[in-house]
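Below: the structure, in C-alpha cells.
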Amino acid sequence: MLRQPDSVRPGAAGTDPAIRNPSRQEQHTAMGHQGAGKGFTGGQRLVAAGHALVLAVALSACTGGTSSPGTAATPNPAGSGSSRTGQAAPPAPEVLQKLDVGLQLPWSVVFLPDGTAVVSERDSARLVGIRDGRATPIAEVPGVVPGGEGGLLGLAVSPSFVSDRWLYAYLTSETDNRIVRMQLKEDADGPSGLGTPEVIFPGIPKASTHNGGRIRFGPDGMLYVGTGDSQRREQPQDTDALGGKILRLTPEGRPAPGNPFGDNPVYSYGHRNVQGLAWDAEGRLWASEFGPDVDDELNLILPGGNYGWPLVTGAPGRSGLTDAKVVWPSTSEASPSGLEIINGVAYTGALRGQRLWAVPLDGPTAGTPVAYFTGGYGRLRDVARAPNGDLWVLSNNKNPDFALILRSQP
Ligand SMILES: [Ca+2]
C-alpha cells in the first residue's frame, strides 16, 4: 500500500520555495531553478516530493499515467533500461521521532543486535549509545586526529558481535586513515566502554578533504570500505594505491579471498569519494559518491569495475569505464552521503542538498530519484536501517545535531 499524500507531515514538507508549485509545468520551471534542468543522466529527473501535492503527482506513476514526472521518457545512455512507466515512486517516509540528544557532528550510526544505536561523532571522536530514546556517552576513541573532513568516521558492527563484541571504526589518525576494531563493553544500561583498539588496516591516505570513511560488512561477511582520493588524483586509477577505492577485507583486515586483483584489498576503483555502501535484497552492492562541482553519483558496484574518476564523471558511456546509475548534475541538490536500501528503495542523505533522496531500484536498474524534506532538517549525513525496520537519519548541521527516526514504508 502506498501512503496517501496527505500523510506527509507538515514538519516533513520541503521548505524550498522552488518546489511549492505542484503543477507539472511549474515543476519543470522549479527544476530549472534548482539546476536540474540538465536532467538526471540515465533518464532520471528530479521529483521534488517535499510537497504533498507534488507527491500526489509522483504517486500517479503507479497508475501508469504518462503525465507524471516519475515517467521520464529520456533514453537511458547508461544502457540500464529505459524509463519505467509502471515504476512507483517510493512512498513518503513518515517522521516517527526527532531525537534531540545533543549530538555533535555525528557521522555514522550502526545498531547492535539488541537495537541499541551507536553513533560516531567526527570531531569529538566520541561514541554515543542511544537506547529507548536516551543517549549515553560510551567512550572517546583514542588516536583520532580530526581535521577538515577527517576524524571519527564510519562504524561497523561485527556480524558475530554477540560472541566477539567487535565494533569497527574508520578514523583519521596523525598519519593516515585507518580501520580499528574495539571490543564494546556493556553493563545493564547498555554499552559502557571500549577495549584497546586493534589497528587492522592502516595506510589509507588522508587529507583535509576526500577521506572516504564508510565501512560495512557485506552479506558475505567481508568488510567493505569506501575511501576517497585524498586529493591525490593519481590514486583512483592505480589499483596498487588505496585512495579512491572500494576495498574488501576479511574481518582481520586482510585482502578478502576472491578479490578481483588477487591478494589485493581493492574491490573497485576509479572513485572520487565514496560515502555510502548498501546491498539490495539480491546482494548487489550500491555506493554513493561525491562528484566534484558536478555529477554526484549512485553506482552499482561490480568487482574490478573502474568507475571513472578522475578521467570522467557521471555516465558518459566511455568504453572500459562503468557509468553511474544515477547522476545528480548539480551537487547543490545532493552530495549523497550515507546509503541504505529498504524494500527495493535506496535512501541517501544529502549534505549540501539538505534532503533525503529515495531511488527505487529494479534489479540493476535505478529509477527516478525522489526528494523528501528539502531544507527541512538541514544537512543529512547518514541513513541506516534499525533492526525493527525503522530508518534512522543523522543530521550534520553543527550544534546540536539530531537523529530522525522514520518509518520508511507502511
Ligand atoms: Ca564515476
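Every read-out reported here was derived from the displayed coordinates using simple, explicitly stated rules and does not represent laboratory data. The shown structure was predicted, so the numbers you read here are calculated from the model rather than taken from an experiment. Cβ atoms come from the backbone with ideal geometry, glycine included; neighbour counts cover every protein chain shown.
Summary table below
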read-out: Computed E for residue 145/residue 318 - FRET, C-beta separation, R0 35 angstrom, nearest 0.05; value: 0.40
read-out: Exposure proxy order (Cβ contacts within 10 Å, fewest to most) of 179, 341; value: 341, 179
read-out: Amide N proximity, the range 144-186 versus residue 131 label position 7 Å along Cα-to-Cβ, cut-off under 12 Å; value: 185-186
read-out: Three-way shape call for the range 329-410 based on the alpha-carbon gyration tensor, with the a/c threshold at 1.5; value: oblate
read-out: DSSP-loop GluC sites (Glu not before Pro) across the range 150-259, with at most 14 other Cβ within 10 angstrom; value: 174, 234, 252
read-out: Separation in nanometres of the label points that stand 7 Å from Cα toward Cβ, at residue 294 and residue 264; value: 3.0 nm
read-out: Pairwise FRET efficiency - residue 352 versus residue 240, Cβ, R0 = 51 Å, nearest 0.05; value: 0.95
read-out: Relative contact order of the range 258-410, pairs being alpha-carbon contacts under 8 Å that are 6 or more residues apart, as %; value: 16 percent
read-out: Proximal lysines to residue 98, defined as alpha-carbon separation beneath 24 angstrom and excluding residues fewer than eight positions away on the same chain; value: 398
read-out: Distance (nanometres) between label positions extended 7 Å along Cα→Cβ at residue 397 and residue 187; value: 3.4 nm
read-out: Calculated FRET efficiency for the pair residue 302/residue 163, C-beta based, R₀ 30 Å, to 0.05; value: 0.40
read-out: Leading residue at positive end of dipole, the range 254-337 (Cβ point charges), from 331, 271, 320; value: 320
read-out: Tensor-based shape of the range 229-305 (alpha-carbon gyration tensor, a/c under 1.5 rounded, otherwise prolate or oblate); value: oblate
read-out: The range 254-354: GluC sites (Glu not before Pro) falling in loop per DSSP and having at most 13 other Cβ within 10 Å; value: 282
